Amino acid sequence: MPAKSIHRPEYQELLSLLREIREKSGLQQADLAAALGRPQSYISNVERGSRRMDLLQLREYCMACGQDLVPFVKKFEKSITDGRL
């Protein structure tokens, strides 16, 4: 049986990119949480991998960081296909 996606290196790369766009946008976890109308623990849980997001939540996260979803996904795809893992 294949490993659950949360245990795959690609998932860790996704989490890394999420932290990266938040940090590059100059937002602390609390700032991003406030922009999303969520508690700071939500952002912490997402970035640690203990909370998963659906596509709409991922889009909201990206937009709150000033990043469009499509370029974010392209960057993710490039990072996992270029052997960055």
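Scanning the range 26-44 for residues that are of a type in the set (S, T, N, Q) and crowded, with 16+ Cβ neighbours inside 10 Å yields a count of 1. Taking (1) surrounded by fewer than 16 Cβ atoms within 10 Å (Cβ to Cβ); (2) modelled with pLDDT under 95 in turn, residue 79 satisfies each apart from (1).
Go through the range 54-73 and give me each residue that's of a type outside the set (Gly, Ala, Ser), buried (at least 16 other Cβ atoms within 10 Å of the Cβ) and within 16 Å of residue 33 (Cα to Cα). Matches in the range 54-73: 58, 59, 60, 61, 62, 65, 67. Taking the range 20-75 as the range and being within 11 Å of the chain's Cα centre (by Cα) and on the phi > 0 side of the Ramachandran plot as the test, only 49 passes.
Yes or no, residue by residue, for (1) of a type in the set (Gly, Ala, Ser); (2) over 12 Å from residue 14 (Cβ atoms); (3) in a loop (DSSP other than H, G, I, E, B); (4) in contact with a Cys (Cβ under 9 Å, 6 or more places away or on another chain):
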site: 41; (1), (2), (3), (4): yes, yes, no, no
site: 45; (1), (2), (3), (4): no, yes, no, no
site: 53; (1), (2), (3), (4): no, no, yes, no
site: 56; (1), (2), (3), (4): no, yes, no, no
site: 61; (1), (2), (3), (4): no, no, no, no
site: 67; (1), (2), (3), (4): no, yes, yes, no
site: 74; (1), (2), (3), (4): no, yes, no, no
site: 78; (1), (2), (3), (4): no, yes, no, no
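The values are calculated or read from the model by the stated rules, or taken from the named source; none is laboratory data. It should be emphasised that the depicted structure is a prediction, and the values quoted were computed from it without experimental measurement. Backbone-built Cβ (ideal geometry, glycine too); neighbour counts: all protein chains shown.
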